[in-house]
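The values are calculated or read from the model by the stated rules, or taken from the named source; none is laboratory data. Since this is a predicted model, take the numbers as computed values, not measurements. Neighbour counts are summed over all protein chains in view; Cβ atoms, including those assigned to glycine, are modelled from backbone coordinates with ideal geometry. Please note that ligands, DNA and RNA were not included when accessible areas were found on the heavy atoms of the full protein model with its side chains. Shrake-Rupley method; radii C 1.70, N 1.55, O 1.52, S 1.80 Å.
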Amino acid sequence: MSVKSKKYFLSIVIPCFNESKGLKKLFLKIKKSAENYQNIEFIIVENGSFDNSRSILINYEKKLNIDNIKFVYIDKNIGYGNGIKKGLYYVSPNSEYIGWTHGDSQTDILDIEKAYKILKTNKSSEKLCIKGKRIKRPYIDSFISKAMSIMSSLIFFPIILDEINAQPSIFYKDFKLFILKGPNDFNLDLFAFIGAKLKGFKFKRFNVFFPKRNQGKSSWNSGLLSKIRFSTNSIKYMINLRKNLNKIPNL
């Protein structure tokens, strides 16, 4: 796949893993946004699924005639973060902002349009970073998220971190090389968020809804124990990252 040199204002990577049941709805939303906002580039990443996601997306790609939608196929899934990083290799080199969001039924593609409008109406000379902030979540999810925010803020004090895994995540283009140094798993969100904070980027947050899944299954969230394992893994990663900040290139 060749990288087109067309200039976009915003390029968004959307990794999809075993999301065959929700791909039609997702693709139709992406297609509509791409038609309405031709200054936004969408990179759909089939992240090594073992259901029929790939065949569905290949079929869509064959019938599509829209320049600002690209498809990237990964043969073997080695993590959410890897899917995003692979997608970033295919964004237009002229894009002003780059980022990602989830390709499941819990994240609304229309949030990308909201983020785009925020960036377009930014009157300051500062280069903004955009990140969603999840609201109206189930109590246990909200509790765990707040606990993780407190823990991460203590580890990286005086930097305040909250709603680390909320989507979308959007950064100025110069941050791309740093992101590509990040981990291949879900900790990429954490890595990028902390890195941008340490570099002094100004964040603009906006509320996003994150409802229960109505299609497909999460690749990691199968109940309370999985949430605890995910949180424990994140805390271990944060502690290790804090110890090795001075070793990270481009920070």
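Assorted remarks:
- Condition broken by Thr101, with the remaining ones in (1) closer than 13 Å to Ile40 by Cα; (2) in contact with a strand residue (DSSP E or B) (Cβ under 9 Å, 6 or more places away or on another chain) satisfied: (1)
- If you go through region 107-137 and pick out every residue that is open to solvent by 20 Å² or more (accessible area, probe 1.4 Å), of a type outside the set (Asp, Glu) and either under 30 Å from Phe9 (Cα atoms) or at pLDDT 90 or above (or both), you end up with 15.
- When Ile140 is tested against (1) open to solvent by less than 50 Å² (accessible area, probe 1.4 Å); (2) assigned to a helix (DSSP H, G or I); (3) touching a residue at least 60 places away in the same chain (Cβ under 8 Å), just one condition goes unmet, and that condition is (1).
- Output for region 38-53, where each listed residue is within 30 Å of Lys7 (Cβ to Cβ) and surrounded by fewer than 20 Cβ atoms within 10 Å (Cβ to Cβ): Gln38, Asn39
- Qualifying residue in region 105-122 (condition: of a type in the set (Ser, Thr, Tyr) and in contact with a Ser or Thr (Cβ under 7 Å, 6 or more places away or on another chain)): yes
- Residue list for region 84-106, filter: among the small types (Gly, Ala, Ser) and open to solvent by 30 Å² or more (accessible area, probe 1.4 Å): Ser105
- Count of residues meeting criterion [touching a residue at least 24 places away in the same chain (Cβ under 8 Å), in a loop (DSSP other than H, G, I, E, B) and not basic (Lys, Arg)] in region 1-52: 16
- Single match in Phe209, Phe186, Phe230 (criterion: of a type in the set (Phe, Trp, Tyr) and modelled with pLDDT of 90 or more): Phe186
- Residue within region 18-36 that is surrounded by fewer than 16 Cβ atoms within 10 Å (Cβ to Cβ) and closer than 17 Å to Phe186 by Cα present: no
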